[in-house]
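For reference, the structure discussed in these notes is given below.
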Amino acid sequence: MKKFLLLFVLIISGVYLSELNAQSFQTGSIGVEVNNYGRIRVHAPAIGNLRQIDRSSILVAVSPTQVYDYRKDADVQVASHSIPNPSKSDYEVFVATNNAYSNLPPNVLVRISVYGWQNQPFLIAKFTVVNREANPLQPYIGIEFIPQPDGTYGLETVSYADFGGFGYSFRGTSPLVGYKILSRTTHSFRVIDWTSTYYDPDSLLWSYMTPVRFDTGFVATGDGSVAFLTQTPVAIAPNDSVHFYVGIAVGNNLSTLGANMKLANARYQTLVSVDDKLNPYSFELEQNYPNPFNPSTVIGFTIPSKEKVELSVYNLLGQKIKTLINKELEAGYHYVEFDASDLSGGVYLYKIKAGNYSATKKMIFIK
């Protein structure tokens, strides 16, 4: 179901929308919610009435007419969920989004992991952007954020700190919240007054992201602001991906925020030394989404090296129903759509074999 239709229905039903489909955690110094469409919402010092950022979300800008953004394009690939016993952090939420809401280019898949550590005043957001186009892309990748200091919009100060290379926002005595690109050189930091149409058409977003510009001392109007932090362009081959890391930190003053952002950067160096530099991928078979489904669902998986991959669907008697993939694939993230229109409703199994790895999961087809 389209997310804005769903939002309207829930408004009529009196459902509290701000936490819709969101998974959350709090470290003791910062809180975060991540919803099904990739919205990252920041609270400080904890989740409750002290929301500081209404929304931060990724932008992938290919051209003035092709910009992937949260409002116009993002749809659910894998629902937001907390990772039990995460190996890289004390807390982790994962979600994957695609462009199926608009079906307009660029055709990208975005896998998002938000990491947190007990009592630490920062988060690290890892965005893996997968190019599903037939041709190479060289996009500007960035993050936009909408401040909401102490739960209200308007009159906030938004600025770029040259000494630390991060953008930040605050109003009065509210905590400062900062965003820093960790994985690549920062290209620009632009701030505008919020309007209901600031993101449409794509050419507006392109104009905020591509000129080299670093705004300082911006004071928002009563409706609030939107900030855009963008990295230098990066090439992505078809079916390949790049990582975009962002540090998010809080502090009671600019000096403390800068110190906390240094802590985030140091933790990022540890993350990439363990994760991306040594083993960018590992074997993983994801739960299909949606589940239950009718009549189609998406199955995603990752492989750490070039492998012969077989992905098949079985009934509960162990009989093979359909082979979805049976070929050699490059290392990385892959997905396939399974259409069960010609099958009876019920429980099915899907199994992957890749090198010495195999895994099986259940899925439910409701007809």
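None of the figures in this text is laboratory data; all of them are computed from the coordinates on show. No experiment lies behind these values; they were computed from the predicted model shown. Counting neighbours? That spans all protein chains shown, and the Cβs are built from the backbone with ideal geometry, glycine included.
Of note:
- Share, in percent, of DSSP beta bridges within segment 205-328 that are antiparallel, nearest 5: 100 percent
- For segment 213-332, lysine pairs separated by 8 or more sequence positions, or belonging to different chains, with Cα-Cα distances below 21 Å total 6.
- Taking 7 Å steps out from each Cα toward its Cβ at residue 362 and residue 207 produces label points 5.5 nm apart.
- Within-14-Å neighbourhood charge of residue 175 [Cβ basis; K, R +1; D, E -1]: 0
- A DSSP coil position with no more than 15 other Cβ atoms inside 10 Å describes the following GluC sites (Glu not before Pro) in segment 283-367: 330.
- Nearest-20 debye value, the chain charge dipole, Cβ charges on Lys, Arg, Asp, Glu: 640 debye
- For the chain, with +1 on Lys and Arg beta carbons and -1 on Asp and Glu, the positive-most of 364, 244, 154 along the dipole: 364
- Computed over the chain, the per-residue total of -39500 (n - 2.57) for DSSP H runs of n ≥ 4 gives a 222 nm mean residue ellipticity of -3500 deg cm²/dmol, rounded to 500.
- Net charge over other residues, Cβ less than 10 angstrom from the Cβ of residue 61 (K, R count +1; D, E count -1): -2
- Given [x] 67, 39, 36; [y] 62, 46, 37; [z] 65, 49, 41, the label whose value is Cα extents along the principal axes in Å derived from this model: [z]
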